[in-house]
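Notes follow the structure.
The values are calculated or read from the model by the stated rules, or taken from the named source; none is laboratory data. Just so it is clear, the model here is predicted, and its values are computed rather than measured. All Cβ positions, glycine included, derive from the backbone under ideal geometry; neighbour counts span all protein chains shown.
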Amino acid sequence: MRKRFWQRFRWHFLAILSLLVLGIVARPIATLIPLVLGYKAKEVAAFVFVANQSEETAIALVEEDDPSLRLVTVKVDYERKQVHASLFGVVKRTATFDPSFGTFLVLPENEPLKPKPSANRAPLSGTTNTIPTLPTPEPLNQALVRAFAEPSPVVSASNIARDERRTRAILVFQNDHLIAERYADGFSATTRFCGWSMTKSVMGLLAMMRVDEGALELTSKPKHASWRSIKNDPRNKITLAHFMQMTSGLAFTEDYSPTCDAVAMLYGQSDMARYALDKPLVAPEAVGRLWQYSSGSANIVSRMFRNSFQGHLSDHLNYPKERLFHPLGMTSALFEIDGSGTFVGSSFLFATARDWLQVGRLVLNKGYWNGQQLISEHALTFLFSKPEKSFPQHRYGALWWLNVPYSEASSDRWMTGVPADALIASGHFGQALVIIPSQNLVIVRLGLSKGATWSLEAFLPSLLAALPPSVSSADTINLQKSKLDKRP
């Protein structure tokens, strides 16, 4: 009798335990699958409709990131400009392309936003910028050959097999001339590349342009409804400056595990800024003191940028092209929006390598372009200065990376073989826009590198050693202003 009881109890216990385990496992899987489908649909759509890659190439490029993505079936609808992703025909996600607003996911909770197009948001041309060029010096040419060589020479715990680095483009601009430009097979001067987190740095420029105009202030607050509804909510202390400097104190995970906040926001949310704003504080005292990298903060900056137009959606959508891209001749630039109509300021600006170079040239020129001060030197100073009080200290200004010492007590820079005045816009898969004013230099590197396969820290000193002598910084800036003033 007792034996029979324990046998029944054991099987009942195992059954209940199995159900609990299935419930625990099923919940994250149910959350994960739509994100995986959203990722594949969105990225294939971007490669096909924005970067003009073939369907086969696009799928292969996305599946290289993670072989498990091969389980996800995709179908490209060229007539409707959509990509449908599904898993065993059950769970589905669709990404839609609009020539004015790029690719975005059609999520269950919202219909895709369809703003009225304007002349300024017409389909962008594939023309390239006219940039003064000089022949590439042989030492520099050899440095580029090494940068494109496969497999990666980097051997580490995460790259024992020495995977490919997948460098796609490198441009070198020095002393007002393009002195090197190289592309991998299948890519060219007309290929649009996703900047990933380099987009944050452009978002920083746009936000500070609105500060220059008086439409925003560094002390501005997002005025999020859920914050105001809670008495004495410490989140109401967070300002635009905090978001730009990554010191908001809001909890946000960005380790790029499948269910981290960054992935959940980019591939599972129609209103990305709201998702980030709804996060709690790490601690009440974290505001302005705790540095934590967050793509959510960049999208909150984008929302505050949008709100600075007082509800005029078309003015908000036209501003980057009218006030920044068009003056710089960035004819390829395509800044994608989320389902709420807000620019994805953390990740999704696409442009050719030459157009990314134009952003660096503007910074090198201290915001001056063709007789106009597009962004004030005061605004740039804020972008390129570390927060005075934040812990832990990081080599970060306001949506731009810096090559300054790690802390006041240390002389150790991020890249010891690179001048301390280097300014870096850095993105996922090894994207990099590097400006070194003391060398009168702008470098663009674009690729699809995974993990440790690409090292900016190793590449830059090698390239710098191969460069010809530079003109003094002050002389070059005056020369640039003189030449730019004379251009049509």
### Summary
(1) within 22 Å of Pro99 (Cβ to Cβ); (2) more than 17 Å from the chain's Cα centre (by Cα) all hold for Leu380 apart from (1)
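Run down Glu56, Glu79 and say which single residue is modelled with pLDDT of 90 or more, surrounded by fewer than 11 Cβ atoms within 10 Å (Cβ to Cβ) and either closer than 18 Å to Leu448 by Cα or in the same structural domain as Met265 (by TED's automatic domain parsing) (or both). Break it down stepwise before answering.
Working: Glu79 fails: either closer than 18 Å to Leu448 by Cα or in the same structural domain as Met265 (by TED's automatic domain parsing) (or both).
Of Glu56, Glu79, the one residue that is modelled with pLDDT of 90 or more, surrounded by fewer than 11 Cβ atoms within 10 Å (Cβ to Cβ) and either closer than 18 Å to Leu448 by Cα or in the same structural domain as Met265 (by TED's automatic domain parsing) (or both) is Glu56.
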#### Entry: Of all residues in the range 165-193 being more than 14 Å from Leu446 (Cα to Cα) and of a type outside the set (A, V, I, L, M), the one that is surrounded by the most Cβ atoms within 10 Å (Cβ to Cβ)
Phe173
### Task
Take the range 378-392 and flag every residue that is within 29 Å of Thr130 (Cα to Cα) and buried (at least 20 other Cβ atoms within 10 Å of the Cβ).
Ala379, Leu380, Leu383
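Residues being in a loop (DSSP other than H, G, I, E, B) and touching a Lys or Arg at 6+ places or on another chain (Cβ under 8 Å): count how many of those fall in the range 355-371. Break it down into steps so the answer makes sense when it comes.
Step one: of the range 355-371, the residues in a loop (DSSP other than H, G, I, E, B) are 365-367, 370-371.
Those left that are additionally touching a Lys or Arg at 6+ places or on another chain (Cβ under 8 Å): 365, 370.
Number of matching residues: 2.
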## Note on the structure
Residues in the range 348-377 that are without any contact (Cβ under 8 Å) to a residue 60 or more places away in the chain and either in contact with a Pro (Cβ under 9 Å, 6 or more places away or on another chain) or surrounded by fewer than 18 Cβ atoms within 10 Å (Cβ to Cβ) (or both) total 3
### Task
Mind listing just one residue for me: the one in the range 224-246 that is in a loop (DSSP other than H, G, I, E, B) and in contact with a helix residue (DSSP H, G or I) (Cβ under 8 Å, 6 or more places away or on another chain) and, of those, surrounded by the fewest Cβ atoms within 10 Å (Cβ to Cβ)?
Asp233
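For Leu374, are the conditions met, namely being over 21 Å from Gln431 (Cα atoms) and in contact with a helix residue (DSSP H, G or I) (Cβ under 8 Å, 6 or more places away or on another chain)? It would help to see each step written out before you state the result.
Working: over 21 Å from Gln431 (Cα atoms): yes; in contact with a helix residue (DSSP H, G or I) (Cβ under 8 Å, 6 or more places away or on another chain): yes.
Judged against the criteria, Leu374 is a match.
Go through the range 441-455 residue by residue and tally those that are of a type outside the set (Phe, Trp, Tyr) and either over 17 Å from Leu467 (Cα atoms) or surrounded by fewer than 23 Cβ atoms within 10 Å (Cβ to Cβ) (or both).
Quick first cut of the range 441-455, residues of a type outside the set (Phe, Trp, Tyr) only: 441-453, 455.
After this cut, where a residue has to be either over 17 Å from Leu467 (Cα atoms) or surrounded by fewer than 23 Cβ atoms within 10 Å (Cβ to Cβ) (or both) as well, the list is 446-453, 455.
Residues that pass the stated criteria total 9.
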### Query
Residues in the range 118-134: is at least one in contact with a strand residue (DSSP E or B) (Cβ under 7 Å, 6 or more places away or on another chain), modelled with pLDDT of 80 or more and closer than 30 Å to Leu69 by Cβ?
no
#### Entry: Lone qualifier among Leu178, Leu205, Leu171 - being part of a helix (DSSP H, G or I) and either at pLDDT 95 or above or acidic (Asp, Glu) (or both)
Leu205
### Task
Select from the range 426-447 the residues that are assigned to a strand (DSSP E or B) and more than 13 Å from Gln358 (Cα to Cα) and write down the one among them that is farthest from the chain's Cα centre (by Cα).
Ile436
### Message
Being of a type in the set (Lys, Arg) and at pLDDT 95 or above is the filter here; which residues of the range 280-338 pass it?
### Response
Arg303, Arg306, Lys321, Arg323
